[in-house]
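Worksheet for the structure shown next.
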Amino acid sequence: MTDAGIPDLLTSAVRTVLRPLVRLMLARGVTLPLAIELLKRVYVQVALEDCAPGGASTDSRVSLMTGVHRKDVKRLRALPDAGAELPRAVSLGAQLVSQWTTAGRWLDADGRPRALPRLASAGGDGSFDALVASVSRDIRARPVLDEWLRLGVVHLNEADEVVLNTAAFIPQSGFDEKLSYLAMNVGDHAMAAVDNTLGRPDPWFERSVHYRRMTPEAVAALRVRASELGMQALQTLNAEAARASAPAADEATARRFTFGIYFHASAADRQARD
């Protein structure tokens, strides 16, 4: 046990999880005072969400649960929800890539996203203009194309066709877009792991493969193989989700899900040091 009465394993786990987030914050100039303010806000938000149904969620009770001063609780609970939302441009991009990688009209004979004529005047209903219009009539294709060219999601070939560079919407540049996906992917993965750790009756699927003391060459080869297998799984589930997609009857029954795969390698003793 630590001096504060918190199990050593819990503090070790929290420290390990926080390390990459602190690295990100330091890289972007987020100092400890600002991080503490952010942490207070999240403490208050989670305490309010986790109050028992029908239970009082007074400032005093939240202060007792969290250790955040009552005056800060009152100030922080009045702020907008701190949850991360995908910017409209990112959400639209994800829908477009989903269409491009699953709907038959946008695929070639091998089932891969085909190169699309940039303009409707050249490709008609099979053009990039038509792809954007199939998802949103409110957004013109040109701004989407310019942004995707900037992010490295697509490129133009010599025939003035738009070619998808990746089989998923993964910007090669664009820090705001990457932050949005970091918040969603890491947040959902962590939520599943915490639910399972706290004893969820119906555990979420959350598995990984761990090996130590491998050669750099073996890890490099496995990284390539993991990318191949992971992309196959993502494309398969994306196609099934697209076929099953239908609007929920009302907001109360609406659900979302996240399925992700990751690969990471480091020095063999890295986790032990954490």
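For the chain, the Kirkwood estimate of hydrodynamic radius, built from reciprocal distances between every pair of different alpha carbons, is 22.5 Å.
When peptides 211-223, 151-163, 122-134 are sorted by average Cβ neighbour count within 10 Å, with the highest value leading, the order is 122-134, 151-163, 211-223.
When only alpha carbons are used to place a centre, the range 17-69 and the range 126-152 end up 39 Å from one another. Using the average count of surrounding beta-carbon atoms within 10 Å as a protection proxy, the listed peptides 105-117, 20-32 rank, highest first, as 105-117, 20-32.
Show which aspartates and glutamates lie in cross-link reach of residue 74 when reach means a straight Cα distance below 16 angstrom and same-chain residues fewer than eight apart are skipped. The reachable aspartates and glutamates, counting only those whose Cα sits under 16 Å from residue 74, are 37, 49, 59. If the reach is capped at under 20 angstrom between alpha carbons, list the lysines near residue 178, excluding any in the same chain fewer than eight residues apart. Within the straight-line limit of under 20 Å, residue 178 reaches no lysines at all.
Bear in mind these aren't lab numbers, they're just calculated from the coordinates by the rules spelled out. All values reported here derive from a predicted model rather than from experimental measurement. Virtual Cβ from ideal backbone geometry, glycine too; neighbours counted across all protein chains shown.
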